[in-house]
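The structure appears right after this line, and notes come after that.
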Amino acid sequence: NAGVTQTPKFRVLKTGQSMTLLCAQDMNHEYMYWYRQDPGMGLRLIHYSVGEGTTAKGEVPDGYNVSRLKKQNFLLGLESAAPSQTSVYFCASNKDRGVGELFFGEGSRLTVL
Amino acid sequence: AQKVTQAQTEISVVEKEDVTLDCVYETRDTTYYLFWYKQPPSGELVFLIRRNSFDEQNEISGRYSWNFQKSTSSFNFTITASQVVDSAVYFCALSPGSAAGNKLTFGGGTRVLVKP
């Protein structure tokens, strides 16, 4: 059971570089989310998607872009990385409109120097 | 705006002691959902429980129990007879019931350290 898979697991970037985090889920879930986790602040929602081809802003969207071209994939992009984006990023998904359990990936640790 | 506060940042107990984690939330919604997640040292997030705002029954699952009190906007979590494997960060989270999807607002987390 793969569930929610994130790649890469670790990445170090220099300020100004760009990168993309990939989230893939094999559960045919409609909804997908990107969160970031910072010490003492819990997880904060960056962007989310309610279906293929749709995206919406969450609580902390600035500096990030997302795309959901395929139902199973949700990409998070950093066009010009900043040290403030050093964090652990979690992707999650859930099945339908109902407020059910979120299934989380294992996280991707990003360091921006 | 929604807000979840976990006032305890870290709790240290000796094995077999009970430990209670506090969670206080703020929301203007009449329908909402509350969650607890566990994050062990390995880093993944493990779902523990979901409770909707219309169900104030307390729940027990093995050594875990939850006390939902709408009057005080609290959803506290108790681990009875703690074990070393309970060492983790625990997050309380809140979701609006009316919105599409499940946009969780998380508390800052409480780190529980269970010493043998």
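Read the figures in this text as sums done on the coordinates, not as results from a lab. What you are looking at is a predicted structure, and each value in this text was computed from that prediction instead of being measured. Positions of Cβ are backbone-derived with ideal geometry, glycine not excepted, and every protein chain shown enters the neighbour counts.
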Open item on the list: Net charge around residue A:104, counting only other residues with Cβ within less than 15 Å of its Cβ (Lys, Arg = +1; Asp, Glu = -1)?
Closed with: +4
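Can you compute the charge dipole magnitude of chain A about its Cα centre, using +1 on each Lys and Arg Cβ and -1 on each Asp and Glu Cβ, nothing else charged? Give it in debye, rounded to the nearest 20. Can you show the working numbers first?
Working: 12 positive and 10 negative charges, 42 e Å.
Result for chain A is approximately 200 debye, rounded to the nearest 20.
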Task: Debye, to nearest 20: dipole size of chain B, +1 on Lys, Arg Cβ, -1 on Asp, Glu Cβ - done: 220
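Taking neighbour Cβ counts within 10 Å as the exposure measure, how do A:43, B:34 sort from fewest upward?
Listing A:43, B:34 from fewest to most nearby Cβ atoms yields B:34, A:43.
Dipole magnitude of the protein assembly as shown about its Cα centre, charges +1 at Lys/Arg Cβ and -1 at Asp/Glu Cβ only, in debye to the nearest 20? Display every interim value, and only then the final one.
On the way: 23 positive and 22 negative charges, 105 e Å.
Its charge dipole is roughly 500 debye.
Which whole number gives the average count of other chain Cβ atoms within 10 Å of the Cβ atoms across peptide A:40-48?
Values: counts 4, 4, 14, 11, 3, 6, 0, 0, 4.
Shielding by partners across A:40-48 averages 5.
Within 10 Å of each Cβ of B:37-46, how many other protein chain Cβ atoms are there on average?
On the way: counts 5, 0, 6, 0, 0, 2, 8, 7, 11, 1.
Counting Cβ atoms of other protein chains within 10 Å of each residue's Cβ and averaging gives 4.
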Task: Test item: B:73-81 mean partner chain Cβ contacts at 10 Å - done: 0
Task: Cα-Cα over 30 Å, subset of B:3/B:38; A:9/B:103; A:57/A:95; B:38/B:70; A:9/A:71; A:9/B:70 - done: A:9/B:70
